[in-house]
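Following: one structure in structure tokens, then a few remarks.
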Amino acid sequence: MNPVMKWIHLLGSPPYFYRFSGKLLPWLSVLCIILFVWGLYGGLVQAPADYQQSDAFRIIYVHVPSAWMSLFVYVTMAVAGAIGIIWHVKMAEIVCVTSAPIGAVFTFLALLTGSIWGKPMWGTWWVWDARLTSELILLFLYFGVMALYRAIEDKRMAARAVAILALVGLVNIPIIHYSVEWWSTLHQGPTVTKFDKPSMDASMLIPLLVMALAFQLYYCIVLLLRMRTELVNRERNSKWVNDLVSP
Amino acid sequence: MNHSLTQAFWTLLRRDLLLTYRNRAQAINPLLFFVLVIVLFPFGVGPDATLLKAMAPGVIWVAALLSALLSLESIFRSDFDDGFLEQLVLSPHSLSALVLAKVFAHWMISGFPLLVVAPLLGVFLGMQGESIEVLVITLLIGTPVLSLIGAIGVALTVGLRQGGVILALLVFPLYIPVLIFATNAVQMAESGFSVTAQLSILAALFLLSLALAPLPAAAALKMSLS
């Protein structure tokens, strides 16, 4: 077996994963903080104000990365769920079930910041805009996954149920997204001003990308923390957890 | 083998329909619920004819979603309780095909009656001839999708005590595309536009769910029984 495959197999063992992630976490945290400081300074201080929206546009440095993450986490969850179902990989199951609340929070953050941005721009807190509406439905999909996981007592069974649901949701997300887009363009005129992404200046774009990377790392950190907790909780009767608690 | 699968399919379908026929009073509840929800709306928003007419497609379709949700549990619940479901999983036939038979029976019991009463309710809400036709067509193509997607949700929650609440959370977001295209088709028909595009998309959603939904439903059933 080649060393990379061997290492991936090793990661599937809970004690090894626990030790490895423990060593990885401080480095990730430092990197994440640096990126956050860089991105926030670049976005909130260095980047010039928008000629139309003045300083209100700066909320995109939180809004856009959380919207990206809300989708990314769902895809991760579904793919991990599929790996868990097909190859019965315990770690993948844990990635799947622990991702859901994190993704829900990102989705909520995207909705909240979108609505705060909408107040000065559109004049109301909520508009049935296609992208806001899809995010709202995504939030309900996350809630469904979380509710199902909590309702099933046997956690291994719950993980399989959640994986099936996440896969069904993954197939449906594009369908929902495009039907909502179609719906909103038919029901209301183009009153919504949208960001012109290509026309964004580099001084605004680079902090945004840095923030996106920081959010990505933040997800990794929280995911690892949650996975460690879940692992210890699931295997609380095993020897390695006992050794961990009372060495 | 193939021959016996079709035989199993029809036997199961016949059994479900027969069971419902023997227990008619319960089967009629979702239909009454559908009618009641729609009748409540004029009391809620007032008897203004133009407002009711504008709301009619949405009201009828949302009522159809609610009544579908109400009847969904009956696809697997009683079979789960009396152990019949385990026998289904143990049978040599493809579980997806058997799930499809149960979903088909469910649609004939709870979806098809909606088609029959919908024109009447459309008249109540002031809809005109052509748009009522389109409404019935959207119900004909759309309600099977509700049963098919719903079967996945029920299969996931059938073993749970408070499954009903979670079921709504699981299936309603997935129903949204059907709701959008169906109500839009009726609204467009009311304004005299062509509705081929909306109906084609609805038909596509139906075929897609017909092909794909039985697989996760069968997998979820196996999970629920393990």
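Each reported figure results from applying straightforward, stated rules to the coordinates on display, with no laboratory input. These figures come from a predicted structure and were not determined experimentally. Note that each Cβ is placed from the backbone with ideal geometry, even for glycine, and that neighbours are counted across all protein chains shown.
Using the Cα gyration tensor of the protein assembly as shown, with a ≥ b ≥ c the square roots of its eigenvalues, what is the shape: rounded (a/c below 1.5), prolate (a/b larger than b/c) or oblate (neither)?
On the way: a/c = 2.52, a/b = 1.21, b/c = 2.08.
Here the protein assembly as shown falls in the oblate category.
With each run of n ≥ 4 DSSP H residues scored as -39500 (n - 2.57), what mean residue ellipticity at 222 nm is computed for chain B after dividing by its residue count and rounding to the nearest 500 deg cm²/dmol?
Values: 12 runs with 190 residues, N = 226.
One gets -28000 deg cm²/dmol as the mean residue ellipticity at 222 nm.
Please list, in order, the residues from segment A:89-104 whose amide nitrogen is less than 17 Å from a point placed 7 Å along the Cα→Cβ vector of residue A:229.
A:94-104
Compute the distance in nm between two label points, each set 7 Å from the Cα along the Cα-to-Cβ direction, one at residue A:126 and one at residue B:112.
Distance between the two pseudo-spin positions: 4.0 nm.
Quote the FRET efficiency, to the nearest 0.05, computed for residue B:77 versus residue B:120 with a Förster distance R0 of 35 Å and r equal to the Cβ-Cβ distance. Write out the running numbers ahead of the final one.
Details: r = 30 Å, r/R0 = 0.85.
Computed FRET efficiency for residue B:77 and residue B:120: 0.75.
Within 10 Å of each Cβ in peptide A:138-147, how many partner chain Cβ atoms are there on average? Round it to a whole number, please. Each step should come with its number before you reach the end.
Numbers: counts 1, 1, 6, 4, 1, 4, 11, 2, 1, 8.
The mean count of partner-chain Cβ atoms within 10 Å per residue comes to 4.
For peptide B:210-222, compute the average count of partner chain beta-carbon atoms within 10 Å of each residue's beta-carbon. Mind showing how you got there, number by number?
Values: counts 0, 0, 2, 2, 0, 3, 6, 2, 0, 6, 5, 0, 2.
That average works out to 2.
How shielded is B:157-166 by partner chains, expressed as the average number of their Cβ atoms within 10 Å of its Cβ atoms? Walk me through the numbers before you get to the answer.
Details: counts 6, 0, 6, 5, 2, 2, 3, 0, 2, 7.
If you average over the peptide's residues, the count of other-chain Cβ atoms is 3.
Any idea how far apart residue A:19 and residue A:245 come out in nm if each label point goes 7 Å out from Cα toward Cβ?
Output for this residue pair reads 2.1 nm.
Which value, in Å³ per residue, describes the convex hull spanned by the Cα atoms of segment A:1-157?
Working: hull volume 23.6 nm³, N = 157.
Cα-based convex hull of segment A:1-157, divided per residue, equals 150 Å³.
Separation of segment B:79-137 and segment A:4-64 by C-alpha centroid, Å?
With segment B:79-137 and segment A:4-64 each reduced to a Cα centre, they are spaced 48 Å.
Using only the C-alpha atoms of segment B:146-193, find the volume of their convex hull and express it per residue in Å³.
Numbers: hull volume 3.1 nm³, N = 48.
Dividing the Cα hull volume of segment B:146-193 by its residues yields 65 Å³.
Given R₀ = 30 Å, FRET efficiency for residue A:44-residue A:222 by Cβ-Cβ distance, to 0.05?
Numbers: r = 23 Å, r/R0 = 0.77.
The pair residue A:44/residue A:222 has a calculated efficiency of 0.85.
At 10 °C and 1.306 mPa s, grab the translational diffusion coefficient of chain B from Stokes-Einstein with a Kirkwood Rh over Cα pairs, rounded to a whole number in µm² per second. Intermediate results must be reported in sequence, preceding the final value.
Numbers: Rh = 18.2 Å.
My calculation gives 87 µm²/s for D.
With a ≥ b ≥ c taken as the square roots of the eigenvalues of the C-alpha gyration tensor of segment A:92-179, please select rounded if a/c is under 1.5 and otherwise prolate if a/b is larger than b/c or oblate if it is not? Don't skip to the answer; put the middle values down first.
On the way: a/c = 3.36, a/b = 2.12, b/c = 1.58.
Verdict is prolate for segment A:92-179.
Report the gain in length on full extension from residue B:15 to residue B:128: 0.36 nm times residue separation, minus Cα-Cα distance, nm rounded to one decimal.
Details: separation 113, 0.36 × 113 = 40.68 nm, distance 3.91 nm.
Using 0.36 nm per residue and subtracting the Cα-Cα distance, I get 36.8 nm.
Determine, from the Cβ-Cβ distance of residue B:87 and residue A:30 and an R0 of 56 Å, the FRET efficiency 1/(1 + (r/R0)^6), rounded to the nearest 0.05. Spell out each step's value before the answer.
Numbers: r = 58 Å, r/R0 = 1.04.
With R0 = 56 Å, the Cβ-Cβ based efficiency is 0.45.
Give the span of segment B:113-226's Cα atoms along each principal axis, as three whole-Å numbers ordered largest to smallest.
53, 27, 21
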